[in-house]
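Only one structure is covered here, and it is reproduced in the block below.
The values are calculated or read from the model by the stated rules, or taken from the named source; none is laboratory data. Source: prediction; values computed, not measured. All Cβ positions, glycine included, derive from the backbone under ideal geometry; neighbour counts span all protein chains shown. Ligands, DNA and RNA are excluded from the accessible area calculation, which covers all protein heavy atoms including side chains. Shrake-Rupley method; radii C 1.70, N 1.55, O 1.52, S 1.80 Å.
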Amino acid sequence: MGKSVNKLSGQLTKMAVTLPAATEAQYDMRIGDQTMPMNALVGKTITLTYQGEINCLNCQRKTKKSYSGGFCFPCSQKLAQCDLCFMKPETCHYEQGTCREPEWGEAVCMQDHIVYLANSSGLKVGITRINQVPTRWIDQGATQARPIFRVKTRYQSGLVEVMFKNHVSDRTDWRKMLKGDAEPLDLTMVRDRLVAECADEIKTLQQQFGDDAIQFLPAEPVVTIRYPVEQYPSKVTSLNFDKTPEITAELQGIKGQYLIFDKGVINIRKFSGYQIEMVV
Ligand SMILES: [Zn+2]
């Protein structure tokens, strides 16, 4: 008899990730209301087909193009999560009363954030909501991460990040991240150096916002993350559903939000909102 075939179809959203203790990052593909555990598919051939339709992640209307990572144009202009301040937290304007969606801002931005160091393609600094740990790190393909500060609001975390950005990158080189695991770093040493270099600025921020608003986290352990990758590509070729609507290829690994195939890599998050069929 033939092997069993599993077929999922519907609207794509970014892969769900979890990090069970002492194991590797676990990925679930989310297509419509169905999910498919992906780690067990590494080494197997799968087919992904773009069915020619994109629906806005917010209002579900059909849109010719995806804006701000999966929205129709009107929603990209009205949602707070599509505002520039969400990418540049130091420009958060909630406190000025001009948030596009104050209730959403209250729930998402006016809560505790973590300022962290991670090692994705190399050392980087970043911020994330406290409940996005370790999701954010896995989405970036980090192999190591360490929280440095717990901060009261997104805006304040942005100010701390800007301070550190003068000393370390806030970017991931995704091509490099997909070519292999970054050289391990001593994040404790790096943290101590950064905190010493920025001591005066940290004190100024703590005086401005209060000592409990920007809390140093000396005892937080380094989190180590492994990924289900059998083989890294030596040359990274980017696949795109707009140019290649059907991808049939051997899945060689998963890292960040990328599926790594023998014929190229695809950033699943980038195609959120696309109608996709997956056959495994
Ligand atoms: Zn919309």
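Quick notes on this structure:
- Shape of segment 1-48, Cα gyration tensor, a/c cut at 1.5: oblate
- Partners of residue 62 within straight-line reach, counting aspartates and glutamates whose Cα lies under 16 Å from its Cα and excluding those fewer than 8 residues away in the same chain: 53, 242.
- Shape call, segment 1-109: gyration tensor on alpha carbons, a/c limit 1.5: oblate
- For residue 170 and residue 132, a Förster radius of 22 Å and the Cβ-Cβ distance give a FRET efficiency of 0.85, rounded to the nearest 0.05.
- Student exercise, segment 149-215 dipole from Lys, Arg, Asp, Glu Cβ charges, in Debye to nearest 20: 320
- The calculated FRET efficiency for the pair residue 199 and residue 98, based on their C-beta separation and a Förster distance of 25 Å, comes to about 0.15.
- In the chain, the longest principal axis of the Cα atoms and the axis of helix 187-197 are about 40 degrees apart.
- Full-extension gain in nm, residue 78 to residue 217, via 0.36 nm per residue minus C-alpha separation: 46.4 nm
- Estimated from helical segments only, the mean residue ellipticity of the chain at 222 nm is -5500 deg cm²/dmol, where each DSSP H run of four or more residues counts as -39500 (n - 2.57).
- Rolling a 1.4 Å probe over the heavy atoms of the protein chains gives segment 150-240 an accessible area of 60 Å² per residue.
- Spatial offset of segment 5-37 relative to segment 83-107 amounts to 30 Å, using the alpha carbon center of each.
- Rounded to the nearest 20 debye, the dipole magnitude of segment 113-224 is 380 debye, with +1 charges on Lys and Arg beta carbons, -1 on Asp and Glu beta carbons, and the Cα centre as origin.
- For segment 113-224, the pair-distance distribution built from all alpha carbon pairs, in bins 10 Å wide starting at 0, is 15, 50, 29, 6, 0 percent.
- Partner lysines whose Cα lies under 20 Å from the Cα of residue 64, excluding those fewer than 8 positions away in the same chain, are identified as 14, 78, 243, 270.
- Helix 199-209 and the longest principal axis of the C-alpha atoms of the chain enclose an angle of approximately 90°.
- Reduced Cα scattering model of the chain, Debye log10 I(q)/I(0), q = 0.06, 0.07 Å⁻¹: -0.21, -0.29
- Within the chain: Cβ-based charge dipole about Cα centre, in debye rounded to nearest 20 (Lys, Arg +1; Asp, Glu -1): 920
- Using a probe radius of 1.4 angstrom, the carbon and sulfur fraction of the accessible surface of the chain is 49%.
- The alpha-carbon of residue 235 sits under 17 angstrom from the alpha-carbons of these lysines, leaving out residues fewer than 8 places away in its chain: 176, 179, 255, 263.
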